[in-house]
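Below is one structure, written out as structure tokens, with a few remarks after it.
The values are calculated or read from the model by the stated rules, or taken from the named source; none is laboratory data. Note that the structure is a prediction, hence the values are computed from the model and not measured. Neighbour counts run over all protein chains shown; Cβ positions are idealised from the backbone, glycine included.
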Amino acid sequence: MKIVRRLLIASVACGLASLVFFIFGRLAMTDIFHGEPDLTLEWRIVSIGFLPILFFHLLSVVAASLAIRFIGRSNSGTE
């Protein structure tokens, strides 16, 4: 149970970081779309933000799978 709880807490923390990167990435993509003269920083934000967002999605799938297994095991004895 401890590992599932830790994974869920890590998933929430990564979700918040992912949300921040998503917002910054959206702002950067808006500048890219408008054709600003120097887009080095914008492309760097987009490329750096990709990994935390990907990590959050992978971690969430793993945490949800383990949580579903744990809940399934704990409920199987009561029926």
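Pull up region 31-45, narrow it to residues that are of a type in the set (A, V, I, L, M) and part of a helix (DSSP H, G or I), then point me to the one that is nearest to residue 13 (Cα to Cα).
Going through the qualifying residues, I end up with 45.
Among residues of region 17-31 that are free of Cβ contacts under 8 Å to residues at least 12 places away in the same chain and more than 20 Å from residue 56 (Cα to Cα), those with a Cβ under 7 angstrom from a residue that is charged (D, E, K, R) and part of a helix (DSSP H, G or I), sequence gap 6+ or separate chain, pair up as 31/42.
Among all residues of region 31-40, there is none that is among the small types (Gly, Ala, Ser), out of contact with any Pro (no Cβ under 9 Å at 6 or more places or on another chain) and surrounded by 14 or more Cβ atoms within 10 Å (Cβ to Cβ). Cβ separations smaller than 6 Å between residues 6+ apart or across chains give the following pairs from region 47-59 residues that are among the small types (Gly, Ala, Ser) to residues that are assigned to a helix (DSSP H, G or I): 49/21; 49/25. Of all residues in region 46-79, those that are part of a helix (DSSP H, G or I) and either over 27 Å from residue 9 (Cβ atoms) or at pLDDT 95 or above (or both) total 2.
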